[in-house]
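This report concerns only the one structure given below.
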């Protein structure tokens, strides 16, 4: 409670400094926003966030993002990629109602096992036990193959979010790791005629990532995404993301993108980068 109060006061002070020009932020930046399930009641505020960020940020496509991090282009301006985790039906609805309206393309990271579920009780069980959500809305649902085909057809990208959304750090068996990271994706990739190019660690922080799971994912995928705040650099395939709350005020959300909390995550980023395989 006290921490939340301190954080709120701190954000308000930084916002005042930003508006008055006391604090100057980077003009060249490459950030990634990470959303999860978005309830229908939050659609309006999500759209407000998008409209606000479009004033100062260039929403880039996954293809342009790959070009930037592969050093084919220098990073100029404030560039922003949208991502959505967990494969919720609401993400596809958001794409249809809002992203298409603003011509924004995103990456949707899916746990393949969740996509395959058809029974309502099994879906709720997966949301509770695998996605680890405490507040389960009866309207929560998963995307299906038709949703994935729609996203692909409209220029979005599908990425892997493991097969069953489990803690990869606990797995020592290489065969099981391979199944979770890429092998069990293949039937869905075939059905939607799209090979996953990116991978996002579930839960995302350093305590859920092992050196072997990181090594395997970097070997298989073009980019590997984590849920650790930070600036992304060219010629690096490990991608940091800013967790986004669709209820957040747009100007406060932008402060996260400006990197005001990056220092808090520096220990995690340093530990993670020490785990990177030597090239």
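How many angstrom separate the Cα center of region 202-251 from the Cα center of region 133-156?
21
What ranking of 47, 271, 146 emerges when the number of other C-beta atoms within 10 Å of each C-beta is taken as an exposure proxy, fewest first?
Values: 47 18, 271 13, 146 10.
Neighbour counts put them in this order, fewest first: 146, 271, 47.
Just for the chain, what percent of DSSP beta bridges are antiparallel, to the closest 5? All intermediate terms of the calculation are to be shown ahead of the outcome.
On the way: 1 of 26 bridges.
Bridges in the chain that DSSP calls antiparallel: roughly 5 percent.
Specify the inter-centroid distance of region 52-124 and region 158-184, based on alpha-carbon positions, in whole Å.
21
Order of 192, 69 from fewest to most other C-beta atoms within 10 Å? Write down the numbers at each step before the final one.
Values: 192 19, 69 22.
Listing 192, 69 from fewest to most nearby Cβ atoms yields 192, 69.
Suppose a student asked you for the relative contact order of region 27-274, using Cα pairs under 8 Å spaced at least 6 residues apart; what percent would you report?
Numbers: 420 pairs, mean separation 58.5, N = 248.
It rounds to 24 percent for region 27-274.
Arrange the following residues from fewest to most other Cβ atoms within 10 Å of their Cβ: 36, 135. Working shown, then result.
On the way: 36 19, 135 7.
Fewest-to-most Cβ neighbours within 10 Å comes out as 135, 36.
Per residue of the chain, what 222 nm ellipticity follows from adding -39500 (n - 2.57) for every DSSP H run with n ≥ 4, rounded to the nearest 500?
On the way: 12 runs with 110 residues, N = 279.
Rounded to the nearest 500, it is -11000 deg cm²/dmol.
Take the chain, drop everything but the C-alpha atoms, weight them equally and run the Debye formula without solvent; then report log10 I(q)/I(0) at 0.12 Å⁻¹ to two decimals.
Taken in order of the listed q values, log10 I(q)/I(0) reads -0.76.
Only the coordinates and a few stated rules stand behind these numbers; no lab work does. Keep in mind it's a predicted model, so treat the numbers as computed, not measured. FYI the Cβ positions are ideal-geometry reconstructions off the backbone, even for glycines, and counts take in every protein chain you see.
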